[in-house]
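The values are calculated or read from the model by the stated rules, or taken from the named source; none is laboratory data. On a predicted model such as this, the values are computed, not experimentally measured, just so you know. Because the Cβ atoms are built from the backbone with ideal geometry, glycine has one as well, and the counts that use them run over all protein chains shown. What goes into the accessible areas is simple: the full protein's heavy atoms, side chains included, and nothing from ligands, DNA or RNA. Shrake-Rupley method; radii C 1.70, N 1.55, O 1.52, S 1.80 Å.
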Amino acid sequence: MKQLRTFQAIDMAKAFAIVNVFETGRPFGGFASLAVLNDGAGISYGISQFTHRSGALFEVVSRYMAGVDSPEQRVIHESLPLLSFSDERSIRTAAADRRLKQALVAAASTSGMRRAQIEVAFSRYLAPAIAACAGSDFHLPLSLAVIYDSINHGSYENIRDRVSIAGLTDADAGRFEREWIASYVTTRHLWLGRVAR
């Protein structure tokens, strides 16, 4: 039975930093980054741009609410019912709420919000990426970064299932990983080019 290698903390930090640079412009994320894009996802917030539509924003603020009481928490607490729904009306209403957006930005300076964002980024995106790499016997930090980014943005399974590399044996494992990741990135790029938004 083959022993699967796990990623070291430095490998995970590299993957996290690579994706964060593209998300927020900073290797370790912009905890206060907030945007509302014209893509229907609503508020996009923090180090992994947790969105309202995906439920990730609700997960982050729910974890944050377990901390100490603050003016920001009171505003965010009032918005929890709205953030728990991902229908179009709820998303539009929250995205237009200036007080909520200001409270989220202010909360980003607290250790509680930073911890909540890191925990959700790990459990929701990085841990599944580590599991996917282990399942494929992938070892390279760049493979982890590619899969982490794809799980973060969605459609990883959809694109993964379109990629196949033929003609390599178990002895070619390192080459297979590199070729598969390159093919995956190309396939994903073509797929993203066809997405209307």
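Just name the residue that is farthest from Y64 (Cα to Cα) out of those in the stretch 17-34 that are out of contact with any Pro (no Cβ under 7 Å at 6 or more places or on another chain) and open to solvent by less than 40 Å² (accessible area, probe 1.4 Å).
The initial filter retains those residues of the stretch 17-34 that are out of contact with any Pro (no Cβ under 7 Å at 6 or more places or on another chain), namely 18-19, 22-34.
After this cut, where a residue has to be open to solvent by less than 40 Å² (accessible area, probe 1.4 Å) as well, the list is 19, 24, 29-31, 33.
Details: V19: 23, T24: 20, G29: 17, G30: 16, F31: 13, S33: 16 Å.
Looking at the filtered set, the residue picked out is V19.
Yes or no, residue by residue, for (1) of a type in the set (K, R); (2) more than 24 Å from D39 (Cα to Cα); (3) open to solvent by 90 Å² or more (accessible area, probe 1.4 Å):
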position: E59; (1), (2), (3): no, no, no
position: R89; (1), (2), (3): yes, no, yes
position: T93; (1), (2), (3): no, no, no
position: A103; (1), (2), (3): no, no, no
position: S111; (1), (2), (3): no, yes, no
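Tell me which residues, restricted to the stretch 9-32, are within 19 Å of L104 (Cα to Cα) and under 14 Å from the mean Cα position of the chain (by Cα).
Matches in the stretch 9-32: N20, E23, T24, F28, G29, G30, F31.
Cβ-Cβ distance below 6 Å, separation of 6 or more or different chains: which pairs start in the stretch 99-118 with a residue that is assigned to a loop (DSSP other than H, G, I, E, B) and end on one that is open to solvent by 50 Å² or more (accessible area, probe 1.4 Å)?
none
Among (1) over 18 Å from T6 (Cα atoms); (2) open to solvent by less than 30 Å² (accessible area, probe 1.4 Å), there is one condition E177 misses while meeting the rest; what is its number?
It is condition (1) that E177 fails.
Which number in (1) closer than 18 Å to L57 by Cβ; (2) of a type in the set (D, E, K, R); (3) open to solvent by 60 Å² or more (accessible area, probe 1.4 Å) marks the one condition that D161 misses?
(1)
Tell me which residues, restricted to the stretch 71-85, are of a type in the set (S, T, Y) and surrounded by fewer than 17 Cβ atoms within 10 Å (Cβ to Cβ).
Hit for the stretch 71-85 is S84, nothing else.
What are the residues in the stretch 61-70 that are assigned to a helix (DSSP H, G or I) and either open to solvent by less than 50 Å² (accessible area, probe 1.4 Å) or modelled with pLDDT of 95 or more (or both), if any?
Looking only at the stretch 61-70, we keep the residues that are assigned to a helix (DSSP H, G or I), and these are 61-64.
Listed by number, the residues that qualify are V61, S62, Y64.
Evaluate the following for I43: is it modelled with pLDDT under 95 and hydrophobic (A, V, I, L, M, F, W, C)?
No: the conditions fail for I43.
Just for the stretch 113-158: of the residues that are hydroxyl-bearing (S, T, Y) and open to solvent by less than 30 Å² (accessible area, probe 1.4 Å), which one is farthest from F16 (Cα to Cα)?
Ranking the candidates gives Y156 first.
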